[in-house]
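Have a look at the structure below, then the notes.
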Amino acid sequence: METHADLAEELLEVIEEKDRRIAELEQQLQWLMSQIRLAKHKQFGASSEKTDGTQFSLFNEAESNADMTISEPEITEVKAHYRKRTRLTTDKLPEDLPVEIIEHELPAEDCICPACSSKMHTMGKQTREELKIIPAKAVITRHVQHIYACRNCEATSDSVPIVKADMPEPVIKGGFAAPETIAHIAVQKFMMASPLYRQEQEWKQNGILLSRQTMSNWLLKASENWLEPIYEEMKLKLCTHEVLHADETTLQVLKEPGKAAQSKSYMWLYRTSGEAKHQIVLYDYQPDRKRIHPETFLKSFKGCLHCDGYEGYHKLPESIIIVGCLAHLRRKFFDALKTLSKEKQAESNGAKGVAYLDKLFHLEKQFASLTPANRLSERERISKPLFAEFYNWIESTAALPKTLLGKAMYYAKSQRKYLERYLLDGRLEISNNRAERSIKPFVIGRKNWLFANTPNGARASAIYYSLIVSARENGLNPFEYLTWIFTNAPNLGRAGYISAVEDFLPGSAAIPEKIFTPQPGNAKPQKYAWEED
């Protein structure tokens, strides 16, 4: 027979079990609510991850806003003056645009003074300027090759020498596409994100029936014949650098051998860092996300590779030093911050994590104009102690492992040896944002054309994106650049044309001046500090 003591003990066990279950359910509820807030923020909130510099600052305001690169201002006396109000605008037009002048004059019979009937003269002019856009037009270029023979030999000799005038080779043998046509189609698709079916409609509106199949064939043939050797040369050049960035994103390929149409393929990206004099950005299509792909692509590379926390990068050969991305870590703390109500955000641990990282990024902005050696020195003096303080705070802060804050803490601890490596070399960067910005043109294009049809098409897309994005990074006009390649590549080595594949690279001295994008107001392309004389 149970005693009162036994009954009381059973009741205590039931209460403890219910308390444990309640605590477990409260934790689940808290996690679910945080996921709902984060989902609502991603769907309805601003996509920007910027924060007010003073909103979550753990540091002295004067200290956090200081800029060591700005010299002390001189005190000068400013006289009172009045200035005509002008419209603030960032719109600028090239100064070498052709100008069409239209004179608006009165007829001779109307140039009579209404007071005394004498003839009037022009006393002044009032000018208004407008930007006039002339839509692109198509023309037929007819190449007529003259063939010469000798009249005297025709009359007196058994053999007649025949000489042909030089005529350039076409970009596609047997086709009617000019270099400008393929360049235009490529730029519209891979830079302006206009799928071929939309371009087909645009051609049709201009009275030209040009099917998307024909345009696709042109792009594939031009890529295989002329762009692929340039791509391979750019790849060799890329791997000679000591600092690179890498990233990857998904791609759907409908007719991938051995895979369902709905399965994921990947577009990998590799590019030079800010310390490179001439930028190279290469895309590489692969059917999956296995580490063998970056290992194969970078087999001749030895140096530092900026990337995210994907485990595949950490298994690369020891000759490749992996450098982590603090922007990814900040994003995790920022997500944890957004799951809280506005009243709780300012005092939360998520806000403290964001504040620490914002300070590290702010310091990098101050160091941007320094040489790598001076930047390394300043990082040792200021950034390294702050980085250590940040991790001391992480080690002393508790967070539930399944919460977003707990995941951010875990990511910070597990990735520390990669994240702190940017402090070891002045050429390295605090984040992998450079690669993420470069992969964005492909992501924008993917939202429009959705998928690739075949692996060959995906590989051709990777090559076109590589040349177009690299051209833009080096200040080149992609249309003019591709037109120049398609004109010269079929005639490689002939008199008056490019003599070697290396001359096609975006940083080549052989590129004509007209291919560079005009800088408004005669502005020169920005140089990095270490490129200055």
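None of the figures in this text is laboratory data; all of them are computed from the coordinates on show. In this text, all values refer to a predicted model and were calculated from it rather than measured experimentally. Because the Cβ atoms are built from the backbone with ideal geometry, glycine has one as well, and the counts that use them run over all protein chains shown.
What is the order of 123, 409, 191, fewest Cβ neighbours within 10 Å to most? Provide the component values of the computation, followed by the final result.
On the way: 123 5, 409 24, 191 20.
Going from least to most buried by this count: 123, 191, 409.
Enumerate by residue number the GluC sites (Glu not before Pro) in segment 125-162 meeting two conditions: DSSP loop (anything except H, G, I, E, B), and at most 10 other Cβ atoms within 10 Å of the site's Cβ.
129, 130
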Any idea what angle helix 433-449 forms with the longest principal axis of the chain, computed on alpha-carbon atoms, 0 to 90 degrees, nearest 10?
70 degrees
Answer with a single label: of (i) 19; (ii) 28; (iii) 39, which was calculated as percent of Cα pairs over 44 Å apart from the structure in view?
(iii)
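Counting Lys and Arg as +1 and Asp and Glu as -1, each charge on the Cβ, what is the dipole of segment 338-458 about the Cα centre in debye, to the nearest 20? Present the calculation step by step, with values, prior to reporting the outcome.
Working: 22 positive and 12 negative charges, 77 e Å.
Here segment 338-458 has a charge dipole of around 360 debye.
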Taking only Cα atoms, what is the 0 to 90° angle, nearest 10, from helix 455-473's long axis to the longest principal axis of the chain?
80 degrees
Spatially proximal aspartates and glutamates relative to residue 119 (Cα-Cα < 13 Å; intrachain offsets below 8 disregarded)
109, 110
For each pair in 237/290; 417/447; 235/315; 315/402; 189/264, compute the distance between the two Cα atoms and list the pairs where it is over 31 Å.
417/447
So for segment 372-424, Kirkwood radius off the Cα pairs, Stokes-Einstein at 25 °C and 0.890 mPa s: how many µm² s⁻¹?
201 µm²/s
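Using the structure shown, list the pairs from 277/302; 342/440; 302/514 with a Cα-Cα distance above 28 Å, or answer none.
Values: 277/302 18 Å; 342/440 31 Å; 302/514 36 Å.
Over 28 Å Cα-Cα: 342/440; 302/514.
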Lys/Arg +1, Asp/Glu -1 at C-beta; the chain dipole; positive extreme among 183, 250, 167:
167
The helix 4-44 Cα axis meets the longest alpha-carbon principal axis of the chain at an angle in degrees, between 0 and 90 and rounded to 10, of 20 degrees
By the scheme Lys and Arg +1, Asp and Glu -1, what is the net charge of all other residues having a beta-carbon under 13 Å from that of residue 491?
-1
Taking neighbour counts of Cβ atoms within 10 Å as a proxy for exposure, in what order, fewest first, do 240, 51, 454 appear?
240, 454, 51
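Rounded, prolate or oblate for segment 424-507? Axes are the square roots of the Cα gyration tensor eigenvalues, ordered a ≥ b ≥ c, and the cut-off for rounded is a/c under 1.5. Mind showing how you got there, number by number?
On the way: a/c = 2.51, a/b = 1.30, b/c = 1.93.
Because a/c hits 1.5 or more and a/b fails to exceed b/c, segment 424-507 counts as oblate.
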